[in-house]
Amino acid sequence: MSGHDSKYFSTTKKGEIPELKEELNSQYKDKRKDAVKKVIAAMTVGKDVSSLFTDVVNCMQTENLELKKLVYLYLINYAKSQPDLAILAVNTFVKDSQDPNPLIRALAVRTMGCIRVDKITEYLCDPLQRCLKDDDPYVRKTAAICVAKLYDINAELVEDRGFLDALKDLISDNNPMVVANAVAALAEIQENSSRPIFEITSHTLSKLLTALNECTEWGQVFILDALSKYKAADAREAENIVERVTPRLQHANCAVVLSAVKMILLQMELITSTDVVRNLCKKMAPPLVTLLSAEPEIQYVALRNINLIVQKRPTILAHEIKVLLEFKEYATEVDVDFVRKAVRAIGRCAIKLERAAERCISVLLELIKIKVNYVVQEAIIVIKDIFRRYPNTYESIIATLCENLDTLDEPEAKASMIWIIGEYAERIDNADELLESFLETFPEEPPQVQLQLLTATVKLFLKKPTEGPQQMIQVVLNNATVETDNPDLRDRAYIYWRLLSTDPEAAKDVVLAEKPVISDDSNQLDPSLLDELLANIATLSSVYHKPPDAFVTRVKTVQKTEEEEYPDGEGGYSEQPGASSPATTSTVQSSAGRPPAAAPAPVPDLLDLMGMDGNNSAIVSTEQPASPAGPPLPVLLPAPTGQGLQISAQLIRRDGQIFYSMLFENNSQIPLDGFMIQFNKNTFGLAAGGPLQVPQLQPGTSASTLLPMVLFQNVSPGPPSTLLQVAVKNSQQPVWYFNDKIPLLAFFSEDGRMERTTFLETWKSLPDSNEVSKDFPAVVLNSVEATLDRLAASNMFFIAKRKHSNQDVLYLSAKIPRGIPFLIELTAAIGVAGLKCAIKTPSPEMAPLFFEAIEALLKS
Amino acid sequence: MISQFFVLSQRGDNIVFRDYRGDVQKGSAEIFFRKVKFWKEDGKEEAPPVFNLDGVNYFHVKVVGLLFVATARINLSPSLALELLQRIARVIKDYLGVLSEESLRKNFVLVYELLDEVIDFGYIQTTSTEVLKSYIFNEPIVVDAACMPPIGPAALFMQGNKRMPGTAVTKSVVANEPGGRKREEIFVDIIEKISVTFSSSGYVLTSEIDGTIQMKSYLTGNPEIRLALNDDLYIGRSGISNFGYSGSSGTGPVILDDCNFHESVHMDSFDVDRTLSLVPPDGEFPVMNYRITQEFKPPFSINTLIEEAGTLKAEVILKIRAEFPSSITANTILVEMPLPACTTRVNFDLERGIVGQNADFKESHKKLEWSVKKIVGGSEHTLRAKLNFSQEFHGNITKEAGPVSMTFTIPMYNPSRLQVKYLQIAKKTKTSNPYRWVRYVTQANSYVARI
């Protein structure tokens, strides 16, 4: 080849397009090739060379692969805007797909799949069918990906023509590259389908594990990611899988290493043998550290992932702790803030890692011996925490700490030291003297220190009830109750005083009660979020530390035409998305990522909910029902079944919160008390947000209560279901089990209202497969207003309305927890029986629940 | 799967742009560049290599000043995307010889051809230069390498060592040499980046070696290669006690904490005789990466002395000793040391008779910089610097100055003592005996001495 490509960017005086046209039709092959290169050069810098379409396509019929590839490149770009002309190329495509040269066959299917023109798609099917069974693996692997392309354009076609089965057959192909692409294509199709298409059985598992060893590095990632969805049957199988995957940890490609780590972590959940788990952790640690020697970009990803992994398995990198000496060195620097941080960091190592604790303590002691004032103070603060983390382990160092008493001048350090003295008063011979030295300045101390002094003195007195401490306690209590304005201090002092004067033994139980062991939960993620993120190790989710649905928005690409973009609106409403019109956009950017899944709302104090203060019982007698007058609650446990106890209950929503409204009626002959409630795993993970507050029920009386509920506690896997299994027990009777139905309406949140534009965009961004509709022949709407009011009362918000012949079409939006929206379209003729309800949502599996709920609402 | 791939110049110009799935808007390159350029208003923080903007995930790496970017909508594996971007850069470099804005523009047709074979519908097909050769028909137009910054670890060898054939790093794997024949040769580079921290008393506090055995083959016919490493090479620190830990004496086993291998490497006989066998694919690739925390002898010892001369003056004496054999020469040595904030002026006293030596006080950073072009093994060099303070200095100067850090490159030396004992090419062509180059180089990653 002569010269170089950049000359193709130069322009000529004559007018580029006519000149190119001429060259494209030249009789010389080289000239035509050069001309196509020029056309592509123009195309890549954004010039419109679509008018040359026919001329370029004419160059396609050549045996020269280089030229053919160039034409194909051009076609992919312009076929969209010239669909009619693209048909011209079809014959050549079909012919090429049968070419003796496998490269040309593959090129033809690959390119046809990229041209998203309906007419071409029809012609694609036959060549694709052939290529899926081609003798050449290069053609088969290209065809496998082409099925995914076709599915994206026309899912039905793929299913009708049996391409899914052909794809599944390729999993058993003898070429690992073909297997990898088939797995990738099936995984993508499954992702976009609500039906089970690609389920990994133990049979496919073993095939894939075998292919794993022979695959290219990228194929290994596809396979490992697909396998991570497989749930091993038992610990034994999990161990077998892990054994096959572990060699991948030695791979030079960090994507393979991280995908293998993900797979191993998932299987480890099932492995019960602690030896095996420990061994695996040992094997995973060095490769994880090695990732940190890669390019800085990879290091970033690795560190974000390691951050998650050590939260779940803190010991995994315990061997790799090499920072202690660094911290020690930093602790002797001049920058005071820096030093404090270094000392705190040592403390955190000690609290997080049991194995490192002893070394941390000895480093801290060395630092204390330097006697630099602020180092000592900071060290004492962290040692207090270490004592609380490992009780009865390191108390021998207290003597060393006490030597530094007089250097303490910061409140936090002083308070920490005083806490230590009080807590271990019985082991410190001169504890009373030490405390006394602090007491002299009691009135001048900051509140933090005063509070600790008060408590420590009480502890001392309870542990050594001798004369000295007794005098001290008098002084302190007097000081704290009479001479101070600080209500916290005063109240605490009064409580101690009363306790000590009425029942010293009770005081001992209270003040010297065993303290819970603390843990370091700084930077700690919510456990449920952590589990979700760990399941997504080696994906973006683990880098952002957000669940995937918080940032993944799907956009379906469908060929669009101008007419379709704005469906004709009638009656002045031009914004409704016609339910029947296809998803119409390829470039409209979907709304920004949905907000991260909301954590379950904190449960307010039960007493506050009831609007009562602590003196009243949360339970109100039957004369004053807690729930407002309304339809009676459905009876779930009839009296005959419950040996006289009748329970009625229903999930309701009030003030943005879900409650279980319950009524207990005691028709038995004995008083019932000690009521407790438990919910079985359910679709929404509903669980009691507090204890069940029911007083003793005398025979013939009843009590009602509102039990606050929390979500996502114990989510049952499997398809959504409305079943809620409840167990209630009391001290007198056996446990009662009954079933309730979860009304989806209770989950519709108050913030479900959508802007019209958002609604429109969301509708467009969701694929058609997410649309579900149902007819309710028995439902009659008598008035639009009344219907909308009723829907609004259940947090389904009106967006727009249009008329379609004699029918009204209503658009509404609603939202359930975790920010999942429902876009609703209701079609009905007023006063005539029959309602059509269509919904579109990212969670179409919820549709049956939704229809059940709306039918119940509109029928009543 | 990947939605788009593009390469941007430093100024944000679109050099290459390929859309694979059509689910991300066309303007993404511009959106990306604007976001990265103005990541934080104060310009202090750089954009992370992975971020999400309006539902689109952007992945990027920087290679020789160019931004290689991929976009995706799904919850993709970020390490997959980032590794891919590095590999694409390497493949393009293998083909073009030189990776630069100019070479990309001149070879855009070839680059697009490559991109279509590397990725199909967002799925990575292959990044092996060897495999790609069967499917690529365009030939590269080689640009002049003279002023191009080379990439890859082997670029280290470009630094002023005449024994190395400089063409090795800028030679295309497919283009023919002038004269039509390709030279049969293979390069094996052992590259070690070392991190050492010395305490103020000169003891080694931490030390680590990040090593890689890099290979670049220009052999025709893809013969099998056998690479023999040290007999006493062990993997995993757990076995240390069994082998009589040797410390820094310079003998005894070489113990790798961890290592990984390129997929072409067969380990069949590794356990028996520490031999790796492989059929090297074309192009540059790492045969093996390894990490060592076993003690080793640091190539330089650093000795710092600070003498106070009254309250307004002090003298710093820096002594560097090259602890490697005199047959070896280190080059591009730079010693840096932060000085107290009140330092206003520094007078240097350089040793005489050393060429290419320079010392400077960077006032804006309050930092001393001492550069030496070459240091021969076994030699010792001293710098005396007289500091003048703007105000009376009380307290400890060592607390406000230091630590001393060094960067350097030492060709034909590696502190781990990992060695290629022999490099055997299984099937030699009858006519020519291929050139075999085995090269070693050590570079300072973080080399710090506290004072």
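The values are calculated or read from the model by the stated rules, or taken from the named source; none is laboratory data. All of these numbers come straight from a predicted model, not from anything done at the bench. A quick note on method: Cβ atoms are made from the backbone with ideal geometry, for glycine too, and the neighbour counts reach across all protein chains shown.
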One residue from A:A838, A:A800, A:A814, A:A833 being touching a Gly at 6+ places or on another chain (Cβ under 7 Å) and touching a residue at least 40 places away in the same chain (Cβ under 8 Å) | A:A814
Boolean, A:L280 is assigned to a helix (DSSP H, G or I), within 23 Å of A:M177 (Cα to Cα) and under 27 Å from the mean Cα position of the chain (by Cα) | no
Is there any pair with a first residue in region A:528-539 that is within 16 Å of A:I306 (Cβ to Cβ) and within 14 Å of chain B (Cβ to nearest Cβ) and a second that is acidic (D, E) and buried (at least 21 other Cβ atoms within 10 Å of the Cβ) whose Cβ atoms are under 8 Å apart and which are 6 or more apart or on different chains, and what are they?
-> A:A538/A:D225
Among residues of region B:62-95 being outside any strand (DSSP E or B), more than 11 Å from chain A (Cβ to nearest Cβ) and under 27 Å from A:L103 (Cβ atoms), the residue nearest to the chain's Cα centre (by Cα) is B:R90
Among the aliphatic types (A, V, I, L, M), without any contact (Cβ under 8 Å) to a residue 60 or more places away in the chain and more than 19 Å from B:P140 (Cβ to Cβ), is that true of B:L67?
-> no
If the Cβ limit is 8 Å and pairs must be 6+ apart or interchain, which residue in region A:144-172 that is more than 14 Å from chain B (Cβ to nearest Cβ) pairs with which residue that is outside any helix (DSSP H, G or I) and not polar (S, T, N, Q)?
-> A:L164/A:I197; A:A166/A:K133; A:K168/A:F198
Of the residues that sit in region B:96-140 and are small (G, A, S) and within 26 Å of the chain's Cα centre (by Cα), which one is nearest to the other protein chains (Cβ to nearest Cβ)?
-> B:S128
When only residues in region A:55-98 that are of a type in the set (V, I, T) and over 19 Å from A:T142 (Cβ atoms) count, which is farthest from the chain's Cα centre (by Cα)?
-> A:T62
Among the numbered criteria (1) under 32 Å from the mean Cα position of the chain (by Cα); (2) part of a loop (DSSP other than H, G, I, E, B), which single criterion is violated by A:G831?
-> (1)
Of the listed residues (B:T407, B:T398), the one being of a type in the set (V, I, T), within 25 Å of B:I194 (Cα to Cα) and not in a loop (DSSP other than H, G, I, E, B) is B:T407
Please state which one of B:V441, B:V448 is in contact with a helix residue (DSSP H, G or I) (Cβ under 9 Å, 6 or more places away or on another chain) and either touching a residue at least 60 places away in the same chain (Cβ under 8 Å) or aromatic (F, W, Y) (or both).
-> B:V441
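Applying the selection to region A:170-220, what residues are in a helix (DSSP H, G or I) and closer than 30 Å to A:A847 by Cβ?
As a first pass, look at region A:170-220 and keep what is in a helix (DSSP H, G or I): A:170, A:176-191, A:202-214, A:217-220.
Answer for region A:170-220, where residues must be in a helix (DSSP H, G or I) and closer than 30 Å to A:A847 by Cβ: A:V183, A:A184, A:A185, A:L186, A:A187, A:E188, A:I189, A:Q190, A:E191, A:T204.
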May I ask you to list the residues in region A:492-547 that are under 24 Å from the mean Cα position of the chain (by Cα), crowded, with 19+ Cβ neighbours inside 10 Å and not in a loop (DSSP other than H, G, I, E, B)?
-> A:L533, A:L534, A:L540, A:S541, A:S542, A:V543, A:Y544
Please work out if A:F797 is crowded, with 18+ Cβ neighbours inside 10 Å and within 24 Å of A:V715 (Cβ to Cβ).
-> no
Among the residues of region A:811-837, which ones are closer than 19 Å to A:D768 by Cα and touching a Leu at 6+ places or on another chain (Cβ under 8 Å)?
-> A:Y811, A:L812, A:S813, A:L823, A:I824, A:E825, A:L826, A:T827, A:K836, A:C837
Could you check how many residues of region A:221-273 are among the small types (G, A, S), closer than 16 Å to A:I200 by Cα and more than 11 Å from chain B (Cβ to nearest Cβ)?
-> 4
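Pick from B:K62, B:K133: which is in contact (Cβ under 8 Å) with a residue 60 or more places away in the chain and either surrounded by fewer than 21 Cβ atoms within 10 Å (Cβ to Cβ) or not assigned by TED's automatic domain parsing to the domain that holds B:D19 (or both)?
Unique residue meeting the criteria: B:K133.
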Taking B:I213 as meeting all but one of (1) touching a Ser or Thr at 6+ places or on another chain (Cβ under 8 Å); (2) within 26 Å of B:A89 (Cβ to Cβ); (3) modelled with pLDDT of 85 or more, write down the number of the exception.
-> (1)
Would you mind stating whether A:L849 is out of contact with any strand residue (DSSP E or B) (no Cβ under 7 Å at 6 or more places or on another chain), at pLDDT 85 or above, crowded, with 17+ Cβ neighbours inside 10 Å and closer than 20 Å to A:N770 by Cβ?
-> yes
